[in-house]
Structure formats: C-alpha cells, structure tokens
1. Note the angle between two axes, namely the Cα long axis of helix 369-379 and the longest principal axis of the Cα atoms of the chain, as a number of degrees from 0 to 90, rounded to the nearest 10.
2. Per 10 Å bin, what is the whole-percent P(r) computed from every C-alpha pair distance within the stretch 215-259?
3. Per the helix-only calculation at 222 nm, which mean residue ellipticity applies to the chain, given -39500 (n - 2.57) for every DSSP H run of n ≥ 4 and division by its residues, nearest 500 deg cm²/dmol?
4. Which aspartates and glutamates, if any, have their Cα less than 17 Å from the Cα of residue 126, not counting same-chain residues under 8 positions apart?
5. Provide the three semi-axes, in whole Å and in decreasing order, of the ellipsoid equivalent to the stretch 105-174 as defined by the square roots of 5 times the Cα gyration tensor eigenvalues.
6. Angle between the Cα long axis of helix 171-186 and the longest principal axis of the chain, 0 to 90 degrees, nearest 10?
7. Using only Cα atoms and rounding to the nearest 10 degrees, what angle (0 to 90) does helix 141-151 make with the longest principal axis of the chain?
8. With springs only between Cα atoms under 10 Å apart, run a GNM on the chain and tell me which of 325, 206, 101 wobbles the most.
Amino acid sequence: MQDVLTLIGRTKPIFDIDIAVHDPELRDIVSGSRFLVIGGAGTIGQAVAREIFKRNPRVLHVVDISENNMVELVRDIRSTLGYGEGDFSTFAIDCGTPEFSALMRGTGGYDYVLNLSALKHVRSEKDPFTLMRLIQVNILNTIDTLASARASGTSKYFCVSTDKAANPVNMMGASKRIMEMFLMRASLDLPVSTARFANVAFSDGSLLHGFNQRFAKRQPISAPRDVRRYFVTPQESGELCLMSCLLGENRDVFFPKLSEHLHLITFAEIAEAYLRQLGFEPVQCTTEDEARSRAAELIPQRRWPCYFFDSDTTGEKDFEEFFTSAETLDMARFDGIGVIKNAPDFEAALLDHFAVEIGRLRASGVWTKADIVALFHTMLPDFGHKETGKYLDGRM
C-alpha cells in the first residue's frame, strides 16, 4: 500500500495528540450510544464508521445507496477490526426515500446521526440536471434528515461541510455554505456541528484515486501543475468528523489547523512522488495525445507518461481556506483542530425563499444553470462564482 503521508508531503498525522488526549472520552460516549451514519459507504463515511466501530458502539447503522461499497465496508471492518458487542448493520437505501423514513421510525431512534452524504465534485455544476441533484443531496436531503433526526429524539446531528464553503467560488462549495445556513436555523431545536477539511487523499473519485486507476490500467497520468491543495488522510477525515460530532458544541465547525504538518502541495508533485514510490520515473509530455501514444513504449521501460497542465476549468479556487475573516475562532481548545464558533445567525425569510424557489424550479420540470446561479447569488451576495466555460470532463 502506498505511504499516503509521504506522498502528501507529511511525516506524521495531524490529530494524533488530540485523539490520544480525548480517546477515553470518545470511547465512553461511543460505547453507550446508538449511531446512524448516512452516506457511510463513501471514503469519508467508511472512515467515520471505522472510527465509531473500533470504540464498540451499542448500535452502528450505516445507510448508503452504493450496495457494492457497503459490502466492502463490511468486509473491511470484519477483516481488520472483527466483531463488536453491539448491533452493526448496513442498509442499501437512499436517505431521501420512504424506506429511510421507515428505518428511522422502526429502529428506535439514534443518539447521534452523522450525515456524510454529498456530491463533492466541482464538475457537478457542468449541467443543470446534475447541479439540481447536487442541491438535492447537499441541501435538501440535509433539511429532511435533520427533521427526521429531530422527530426521532436524536441528541446531536453532524453534517460534513467542506473548506470550499469558505468564500466559495464554485457551486459545490456554495451549496455547502447554504447547507451551513440551514444548519444554523435547525440548531435552535437540535444541537448540530460540522467540519470543514481539505482534500481527502485517494478518496473515491478524487484525482489521486484516479492515479491508482490509471496505474492499474497502464494509462498516462494527467494533473494540473499550478493547483496547490491541502490534504488529509481518510483516517484523519474520520477522526475530525467524530471529534466534531461528539465533542463539538452546538453550531461548532471543526477544521484542521495549518502547521508545518499541513501545507500546500501540487497535484503534479504528488503524481511524481507516487510514480517514484512505485519504481517508475515520470516522463513529462507536452500534450494529451503524446502521453497516450507513448504509454506502450515507456511503461515497459519503467517510465510513465505524464501530462501536467495549467488549470483553466470552472470553479477552481486559487487557494484554499478553512474560515473567513468574519468568523470567530477558538484556536486554543485542541492541538491540531481549530473551531469556528457560530451564533444562531440566519435570515429565516431568505432560507424560506430558497426552499420555495428550488421547489418551484423542480416542479416546473425545466430550469437552467443560470436560474440556479442567480438564486445562489441571492443567498450569497459575495459569491465569487468562477465560470470559465470549461470543465474537468474536458480533461484526460
């Protein structure tokens, strides 16, 4: 297995001190509690489920629409952690369906509901249909599962956000910022918390995960050379979410502190380190065509064709940030975790307007991306949407 920390330019985990200090408290809470993880078959969801399982919960139920990934979650847990004393069950259902509502009614409720379900790709805004699905998953499903959790007596609701929600420039990040606004209203009736963090290294569908796919298929590797990002490991993503859920106060947003252990690195740098770790020398090509055509020639020589390019696609942020200058921070509570402290500040009329307008567009059966972008600008007047007319689907 690849040494993920080395590939992302780090020598140690960033939350190890916080986990060591707080693990007795985490274990005490988990061992006496019932958990529901929504979207638990994705990379972050699986990491969260493992963090909960290894602390012996009374109940751990996992919901996801990916039947195959759910099977892998079970196999992975059984192959590493074995069996616990509590009820560990998975359900291949969509959280926005009658089946999910029946599950919430029929299982006696949960102490903690963690929603890891999300459309996370910036490319999801390329067409109005996928974009509406992004809104359904990232915002509307959050509203619905919050209501179900509240009705069933849940003590705490956690929903994952993203660093791209801080001063968003793409529709994915903006959808998560709007989701956070709805969380603030819900917090008056049910304690909530969330987490913003960086790219999760080798998460399903990510560019780094694509490196594995390209290597397995003996295909060239392509990556932007000018995009610098922060990365956390899958385990770190699970730890941060669990810490926020169990230790966060109402309306807290947890994020990784920047330090010498968490710094920006380009995708091209990771690609070169990745190939060298596998025993191949990267060979830079000047075009996609050259990279494709030279694969059969170079790979038997333990040389790998790469195409590195300057990014020009819609929604790419020049730099990453976890918070804005207008947010109140607590940087003292944890060693590797910062906390955004939120008051229940929201405009109810604005949230209602968004729900009505999205409902109207969906009911009409016809909408454009411009309709949705305009609505997002109403919700977020400073939304710096970066539209270039080019999308990642136009890249190798």
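Values in this text are rule-based calculations from the coordinates and carry no lab data. Being a predicted model, the structure only gives us computed values, none of them experimental. Cβ sites come from the backbone with ideal geometry, for glycine too, and all protein chains shown count toward neighbours.
1. Helix 369-379 and the main axis of the chain meet at about 50 degrees.
2. Once binned at 10 Å, the Cα pair distances of the stretch 215-259 give 19, 32, 26, 17, 5.
3. Working: 14 runs with 163 residues, N = 396.
Roughly -12500 deg cm²/dmol at 222 nm, from the helical runs in the chain.
4. Once the sequence-local aspartates and glutamates are set aside, what remains near residue 126 is 312, 316, 371, 387, 393.
5. Values: eigenvalues 149, 35, 13 Å².
Gyration-tensor ellipsoid for the stretch 105-174: 27, 13, 8 Å.
6. In the chain, helix 171-186 runs at an angle near 20 degrees to the longest axis.
7. Tilt of helix 141-151: around 30 degrees.
8. Residue with maximal mean-square fluctuation among 325, 206, 101: 325.
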